[in-house]
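Trainee: So that we are looking at the same thing, I have put the structure below in structure tokens.
Where a number appears in this text, it was derived from the coordinates with a stated rule and is not lab data. Quantities reported herein were computed from a predicted structural model and do not represent experimental measurements. As a convention, Cβ positions derive from the backbone with ideal geometry for all residues, glycine included, and neighbour counts pool all protein chains shown.
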Ligand SMILES: C[S@@+](CC[C@H](N)C(=O)[O-])C[C@H]1O[C@@H](n2cnc3c(N)ncnc32)[C@H](O)[C@@H]1O
């Protein structure tokens with residue numbers, strides 16, 4: 001069974017740059033959102049990006065960098081090369097930050113903050129942010145287009161890994177309990193049952209791996225075939241865990257307002273609003289604010 005953290009480590013170690021595929025227009029929207037927020041931070045300010053993954057939000061801000069320094073932290077096992085303006089640190093929980101009080105002029109998070117215990121993470125955010133410092137958090141919206149496509153991908157993975165899914169048929173084939181014709185028929189049934197709801201990146205990839213596994217069985221290399229089935233199963237269940245987490249952490253209107261109330265108890269000003277794509281689809285919530293100046 002994959003841990004939440006393990007699922008992300010697996011994901012980021014495949015060199016992905018983002019946690020979801022934004023189209024060009026949405027990416028430009030996110031870039032602009034981060035770049036205009038960055039105008040709040042003076043040119044030598046330090047900016048901490050929480051739950052940074054492979055640094056997508058930092059990448060959005062980089063074109064506007066002057067003498068700013070970025071620090072990206074994530075609890076996944078990520079070992080990204082440092083850059084003259086960026087320091088990355090994996091295995092770091094945002095609810096227990098290894099930084100002194102008042103260390104950063106700005107704090108950001110893109111689809112990451114909400115995965116942690118949000119109140120604890122916010123307490124840490126306030127602690128390490130300087131008085132007068134700014135923060136902006138882009139968090140998943142339960143009604144967003146991202147959630148909708150996420151749900152379809154989850155259903156697709158279930159049809160592969162569930163008890164009677166294609167992978168259990170594949171196991172039966174590798175264990176010589178069924179014929180290649182029966183395996184092919186199961187593949188055809190999956191295609192016709194999920195017409196138009198199969199993706200190249202999931203089922204396309206699985207079909208390619210199955211062909212590879214079949215070639216081992218044809219050579220009677222059953223042990224290797226079985227190891228590849230296990231590998232495929234591990235990869236799909238890691239992805240399933242990651243997508244389920246996304247489903248669970250997204251905030252609806254009520255959850256957002258509870259969060260804004262909870263963080264409003266700290267010495268900050270805070271506001272929130274939905275973010276829409278250029279074709280008017282819901283993308284996320286944006287929560288932003290400023291730590292109060294010392295009185
Ligand atoms: C959806 S990804 C977003 C990554 C990145 N910000 C982006 O926009 O591509 C969520 C990230 O949150 C990280 N994460 C979840 N809980 C965390 C925690 N308690 N502390 C640090 N990182 C955490 C995961 O490892 C994952 O990389």
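Trainee: May I have the convex hull volume per residue, in Å³, for the Cα set of segment 146-247?
Mentor: Enclosed volume per residue, from the Cα hull, is 85 Å³.
Trainee: Here's a follow-up. How big is the Cα convex hull of segment 9-100 in projection, averaged over all directions, in nm²? Walk me through the numbers before you get to the answer.
Mentor: Numbers: hull surface 25.2 nm².
Across all orientations, segment 9-100 yields a mean hull projection of 6.3 nm².
Trainee: When you count, for each residue, the other Cβ atoms within 10 Å and take the mean per peptide, how do 79-85, 124-130 rank with the highest first? Can you show the working numbers first?
Mentor: Numbers: 79-85: 11.4, 124-130: 20.7.
Descending mean neighbour count gives 124-130, 79-85.
Trainee: Pop a pseudo-label 7 angstrom from the Cα along the beta-carbon direction at both residue 18 and residue 96 and give the gap in nm to one decimal.
Mentor: Distance between label points: 3.3 nm.
Trainee: Taking the Cβ-Cβ separation of residue 281 and residue 175 as r and a Förster radius of 45 Å, what is the calculated FRET efficiency to the nearest 0.05?
Mentor: 0.50
Trainee: Which of 288, 118 comes first, and how do the rest follow, when ranked by fewest Cβ neighbours within 10 Å?
Mentor: Working: 288 19, 118 22.
With the sparsest Cβ surroundings first, the list reads 288, 118.
Trainee: Report the full-extension gain for the segment residue 205 to residue 269: residue separation times 0.36 nm, less the Cα-Cα distance, to one decimal in nm.
Mentor: 18.3 nm
Trainee: Another question, then. Kindly express, to the nearest 10 degrees and within the range 0 to 90, the angle between helix 180-193's C-alpha long axis and the longest C-alpha principal axis of the chain.
Mentor: Taking Cα atoms only, the helix is inclined about 40 degrees.
Trainee: Further, regarding this structure: Below 8 Å, C-alpha to C-alpha, sequence gap of six or more: please give me the relative contact order for segment 117-225 in percent.
Mentor: Dividing the mean separation by the residue count of segment 117-225 yields 19 percent.
Trainee: Normalised radius of gyration for the chain, please: alpha carbon Rg relative to 2.2 N^0.38 Å, two decimal places.
Mentor: Details: Rg = 22.1 Å, N = 295, 2.2 N^0.38 = 19.1 Å.
Scaled against compact globular proteins, the figure is 1.16.
Trainee: If the elastic network links every pair of Cα atoms under 10 Å, which of 104, 216, 113 fluctuates the most in the Gaussian network model of the chain?
Mentor: Sorting by GNM fluctuation, first place goes to 216.
Trainee: If I fit a long axis through the Cα atoms of helix 205-218 and take the longest principal axis of the Cα atoms of the chain, what angle between them do I get, 0 to 90°, rounded to 10?
Mentor: Approximately 40 degrees, to the nearest ten.
Trainee: Could you give the angle, 0 to 90 degrees to the nearest 10, between helix 24-38's Cα long axis and the longest principal axis of the Cα atoms of the chain?
Mentor: Relative to the chain, helix 24-38 is tipped by roughly 30 degrees.
Trainee: Could you please state, rounded to a whole Å, how far the C-alpha centre of segment 1-56 is from the C-alpha centre of segment 238-274?
Mentor: Centre-to-centre distance over Cα atoms comes out at 17 Å.
Trainee: When the chain is treated as a GNM, springs tying every alpha-carbon pair under 10 Å, which of 225, 142, 238 comes out with the largest mean-square fluctuation?
Mentor: Result for the chain, Cα springs under 10 Å: 225 fluctuates most.
Trainee: Then there's this: For the peptides 188-197, 261-270, what is the packing order when you average, over each peptide's residues, the other Cβ atoms within 10 Å and list the highest mean first?
Mentor: Taking the mean over residues of other Cβ atoms within 10 Å, the ranking is 261-270, 188-197.
Trainee: Which of 203, 52, 14 moves the most in a Gaussian network model of the chain with Cα springs under 10 Å?
Mentor: 14
Trainee: Another question, if that's okay. Calculate, in nm to one decimal, what residue 252 and residue 82 gain on full extension: separation in residues at 0.36 nm each, minus their alpha carbon distance.
Mentor: On the way: separation 170, 0.36 × 170 = 61.20 nm, distance 3.62 nm.
Value of the extension gain: 57.6 nm.
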